[in-house]
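Report on the structure given below.
The values are calculated or read from the model by the stated rules, or taken from the named source; none is laboratory data. Treat the numbers as computed from the prediction; the structure is a model and nothing was measured. Heads up, the Cβs are rebuilt from the backbone with ideal geometry, glycines too, and the neighbour counts pull from every protein chain shown. Areas reflect the complete protein model, heavy atoms only, side chains present, ligands, DNA and RNA absent. Shrake-Rupley method; radii C 1.70, N 1.55, O 1.52, S 1.80 Å.
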Amino acid sequence: QVQLVESGGGLVQAGGSLRLSCVASTRTFISYSWAWFRQAPGKEREFVAHISWTDTTAYVDSVKGRFTISRANAKNTVFLQMNSLKPEDTAVYYCGARIGTEPSIHQRDYRYWGQGTQVTVSS
């Protein structure tokens, strides 16, 4: 069982920045692929970014050039740096962990999830 705890959300004005963190309780952090998803009110959860064990990354088109996913293996932590935030980025952001080295853009492929952290961007 892996427990994930997200933090770093909050209220920010459009154009601002936030850095989300996801700390994992596992001794085999490098054995997992990691992703961030988000869910806006009334919408389905959507893929935002993922990172593989080789630090290969991928992003949904709407955040490319603005968001950066990274990982700190020694701290069992995955980050999502969010710059140039827009009101449409407002959502609850979730960290997901997938067993294995191949990440995925599908939430069904992630076994473990955090509780989510709210990000609100005002216009």
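Listing for the model above:
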item	result
Odd one out for N73, checked against (1) surrounded by fewer than 16 Cβ atoms within 10 Å (Cβ to Cβ); (2) closer than 17 Å to V23 by Cα; (3) modelled with pLDDT of 95 or more; (4) not small (G, A, S)	(3)
Filter result for V60 (farther than 15 Å from L4 by Cβ, of a type outside the set (D, E, K, R) and open to solvent by 20 Å² or more (accessible area, probe 1.4 Å))	yes
Residue match in segment 39-51 (condition: surrounded by 22 or more Cβ atoms within 10 Å (Cβ to Cβ), within 14 Å of the chain's Cα centre (by Cα), at pLDDT 95 or above and not β-branched (V, I, T))	yes
Those residues of segment 1-38 which are part of a loop (DSSP other than H, G, I, E, B) and open to solvent by 30 Å² or more (accessible area, probe 1.4 Å), in sequence order	Q1, Q3, G8, G9, A14, G15, S17, S25, R27, T28
Counted residues, segment 82-123 - those being assigned to a strand (DSSP E or B), out of contact with any Leu (no Cβ under 8 Å at 6 or more places or on another chain) and open to solvent by 10 Å² or more (accessible area, probe 1.4 Å)	5
